[in-house]
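Taking it in order: structure first as structure tokens, then the write-up.
The values are calculated or read from the model by the stated rules, or taken from the named source; none is laboratory data. This is a predicted model, so every value here is computed, not measured. Quick reminder, even Gly has a Cβ in these numbers, built from the backbone with ideal geometry, and neighbours come from all protein chains shown. Just so you know, the surface numbers come from the protein's heavy atoms only, side chains and all, with ligands and any DNA or RNA stripped out. Shrake-Rupley method; radii C 1.70, N 1.55, O 1.52, S 1.80 Å.
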Amino acid sequence: MKIFFYVQHLLGIGHLRRAATLAQAFEKAGFQVTLASGGRPVAGYRVLQLPPASSDAGFKQLLDENGNPVDEAWKRRRREALLGAYAEAAPDVLLTELFPFGRRQMRFELLPLLGMAKEGAKGPLIVCSVRDVIQSKPERETEIAECFERYYDRLLVHGDPQVAGFERSFGATPRLAGKLHYTGYVVQDLPAADSDAGAGEVLISAGGGATGQHLLATAIAARPLTSLRDRKWRVLAGVNAADLAGLQAHAGAGVIVERFRNDFTQRLRNCVVSVSQAGYNTVLETLQARTRAVLVPFAAGGESEQTLRASLLAERGLVQMVEEAALTPATLAAAVDRAAARPGPAPGAIDLGGARRSAELLHEWLG
């Protein structure tokens, strides 16, 4: 059985990482998967690469592979590449990541793709794969629900309804009844605990680094104010960090600033406290590692997804949270001290079996 899985990452690579984790689970369950990626190429991921697109920080302008605003000729080239790849794959399942609950700027190719999939007497099973919470846009919910009802057979929500029901960010959820299925959270398995790398450190990270500069700089300034001022603090700025040299210049003794670490999850398991934004993948890796954590959700430009996720987890006592608007060295230092004084999340605090369950559901639906 064959799956054609469309994913588009625009700023960070979180959407691609989650899709790749799902693709691995699907292949392990016996599916043949074509993972079609429309974002900038990322080393280490096995994908069918479409002409790459990215976005400005406000998600207002779609940019081509050279960083220029896309034009109609580029859209036509990209659409033809996608439709051609889909036709060649001839899948039993068409899976789109996030759309129609997001990625509205990709309608120029996704609506033709969905239309193509609906043609004929026996088209593929059409499924949407979406994270636990989305960017809330009440003014578009009717349009989104109508698009879903027209084209889609099933919705996989990669979350735990005991933590975050989909209705918390999508008010029209009752319209999806019968098609919506929670899978649990999707996260890669932790590697074996075969190293003490990072033991006792405070680990500061900002994912890909495109939006985390203020958090990283504030964390460096907060260190002298915490009870962990004598510990080593490791700052991972991300591959897209805008000012690595500036962070390094202000680091001081006891602080290490790097772009990334290949052993990040091992260090996450071993650190005394993790400080990060509240993106889906980082949060789930942190909870899986049962690490004490402080989350500072990205909220610029009206973004609400990370804030909702972080607040729901904080309500359950699983993390400490500092809202981005309230972020100062003093507020962050206080949160670090609160986290350090508490135990890490208990085993089984949330459902982390989303990748395996997603594959099981596809098997059930295909009979």
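Results, tabulated for the structure shown:
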| quantity | calculated |
| --- | --- |
| Residue match in the stretch 219-226 (condition: within 24 Å of Gly354 (Cβ to Cβ), basic (Lys, Arg) and either in contact with a Gly (Cβ under 9 Å, 6 or more places away or on another chain) or open to solvent by 40 Å² or more (accessible area, probe 1.4 Å) (or both)) | no |
| Number of positions in the stretch 221-262 that are over 16 Å from Ala206 (Cα atoms) and among the acidic types (Asp, Glu) | 1 |
| Residue in the stretch 196-213 that is modelled with the lowest pLDDT, counting only those that are polar (S, T, N, Q) and open to solvent by 20 Å² or more (accessible area, probe 1.4 Å) | Thr211 |
| When residues of the stretch 172-195 are limited to those that are touching a residue at least 60 places away in the same chain (Cβ under 8 Å), surrounded by fewer than 20 Cβ atoms within 10 Å (Cβ to Cβ) and under 21 Å from Thr21 (Cα atoms), the one farthest from the chain's Cα centre (by Cα) | Ala193 |
| Verdict on Val294 being open to solvent by less than 50 Å² (accessible area, probe 1.4 Å) and assigned to a strand (DSSP E or B) | yes |
| Test: Asp189 is in a loop (DSSP other than H, G, I, E, B), over 27 Å from Gly317 (Cα atoms) and of a type in the set (D, E, K, R) | no |
| Residue match in the stretch 61-75 (condition: part of a loop (DSSP other than H, G, I, E, B), touching a residue at least 40 places away in the same chain (Cβ under 8 Å), open to solvent by less than 60 Å² (accessible area, probe 1.4 Å) and farther than 20 Å from Cys128 by Cα) | no |
| Test: residue in the stretch 137-151 that is at pLDDT below 95 and part of a loop (DSSP other than H, G, I, E, B) | yes |
| Counted residues, the stretch 1-29 - those being over 18 Å from the mean Cα position of the chain (by Cα), in contact (Cβ under 8 Å) with a residue 40 or more places away in the chain and outside any strand (DSSP E or B) | 4 |
| Test set (1) open to solvent by 40 Å² or more (accessible area, probe 1.4 Å); (2) aromatic (Phe, Trp, Tyr); (3) closer than 24 Å to Gly348 by Cα - Phe260 fails condition number | (3) |
| Selection from the stretch 76-104 of residues that are assigned to a helix (DSSP H, G or I) and among the hydroxyl-bearing types (Ser, Thr, Tyr) | Tyr86 |
| Ser311 of a type in the set (Ser, Thr, Tyr), modelled with pLDDT under 95 and within 26 Å of Gly165 (Cβ to Cβ) | no |
| Residue within the stretch 304-324 that is closer than 29 Å to Gly30 by Cα, surrounded by 22 or more Cβ atoms within 10 Å (Cβ to Cβ) and not aromatic (Phe, Trp, Tyr) present | no |
| In the stretch 130-170, the residues that are open to solvent by less than 70 Å² (accessible area, probe 1.4 Å) and over 21 Å from the mean Cα position of the chain (by Cα) | Glu141, Ala145, Cys147, Phe148, Tyr151, Tyr152, Asp153 |
| Subset tally (residues that are out of contact with any Leu (no Cβ under 7 Å at 6 or more places or on another chain) and either polar (S, T, N, Q) or more than 17 Å from Glu360 (Cα to Cα) (or both)) for the stretch 19-40 | 4 |
